[in-house]
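Accompanying notes for the structure given below.
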Amino acid sequence: MVFFTGDIHGSPYNIIRFTKRVKLTRSDVIVILGDVGANYYGNERDSEMKMHLNALKPQILCIHGNHEKRPVTIPSYKLKEWNGGQVWYEEQYPKLLFAKDGEIYTIEGIRYLVIGGAYSVDKYFRLARGYGWWEDEQPSEEIKAYVNSQVSKNAFDVILSHTCPMKYEPTEMFLPQIDQSTVDTSTEEWLDAIEEKAEYAAWFCGHWHTDKRIDKMHFLYNDFELADVIQPLIQNTRNKQR
């Protein structure tokens, strides 16, 4: 089975409790929709986080968020093939996988397109205090070109992203202390264009720290959703793609 959940920001305990309560096995997968926080501090705090997640029975697939380094910039990460696409992993933590943006993974017969990254509204707060912030948090032009090519050339059922298309932004979650005119929304605007031309059954995202659903858009933070709930919608999407 495949389960989805939202940002965990370096705290694995909600996932640990869920895994034990539902009694997940080695054949299951948990997808974290960005801001995992396993590549944030660059020290033993990251190692402890990875150790806890790697000790669980299911595999963990992580989408790139905006509060973490990209694995491509960390020497210990390697690429390997996984369910039809490439993922980043470390030999010390083989169950902890990091999705490569634009890849399409087929898990239990469902095809997932992955699109990570977002803008950090707390960018200047973090910079002023010496906290981690990384210039490549949003998708590069190269990543966008690859994703656009994948959308044009390949069929998929579900989109997994960190942030959401602009039209679905949950404005009630805007932080009151942030001047929204200063926020870079280029990723959300680009995702708008993806959403308009893509045929998909469901879209799962994190980033917004809310659990809600709008149309086919599933926002996740603390909750877990099972992929099986969207299975009835997938055949309709595949019929349109033919």
Out of segment 1-10, which residues are in a loop (DSSP other than H, G, I, E, B) and in contact with a helix residue (DSSP H, G or I) (Cβ under 8 Å, 6 or more places away or on another chain)?
1, 8, 10
State yes or no: is residue 31 in a strand (DSSP E or B) and either under 21 Å from residue 218 (Cα atoms) or open to solvent by 20 Å² or more (accessible area, probe 1.4 Å) (or both)?
yes
So is residue 161 of a type in the set (S, T, N, Q) and either more than 17 Å from residue 66 (Cβ to Cβ) or without any contact (Cβ under 8 Å) to a residue 40 or more places away in the chain (or both) or not?
no
Taking segment 2-43 and keeping only residues that are over 13 Å from the mean Cα position of the chain (by Cα) and of a type in the set (D, E, K, R), one is left with 17, 20, 21, 23, 26, 28
Working only within segment 53-70, note down all residues that are over 16 Å from residue 88 (Cβ atoms) and open to solvent by less than 50 Å² (accessible area, probe 1.4 Å).
56, 58, 66, 67
Would you check if there is a residue in segment 203-210 being farther than 15 Å from residue 114 by Cβ and not hydrophobic (A, V, I, L, M, F, W, C)?
yes
Of the conditions (1) within 24 Å of residue 208 (Cβ to Cβ); (2) surrounded by 15 or more Cβ atoms within 10 Å (Cβ to Cβ), residue 50 fails just one. Which one is it?
(1)
Within segment 71-110, the residues that are surrounded by fewer than 22 Cβ atoms within 10 Å (Cβ to Cβ) and charged (D, E, K, R) are 78, 80, 81, 90, 91, 95, 100, 103, 108
So which of 125, 156 is aromatic (Phe, Trp, Tyr), over 20 Å from residue 221 (Cα atoms) and either without any contact (Cβ under 8 Å) to a residue 12 or more places away in the chain or open to solvent by 60 Å² or more (accessible area, probe 1.4 Å) (or both)?
125
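The values are calculated or read from the model by the stated rules, or taken from the named source; none is laboratory data. Everything quoted here is computed from the prediction, not taken from an experiment. Because the Cβ atoms are built from the backbone with ideal geometry, glycine has one as well, and the counts that use them run over all protein chains shown. Note: areas computed on protein heavy atoms with side chains; ligands, DNA, RNA excluded. Shrake-Rupley method; radii C 1.70, N 1.55, O 1.52, S 1.80 Å.
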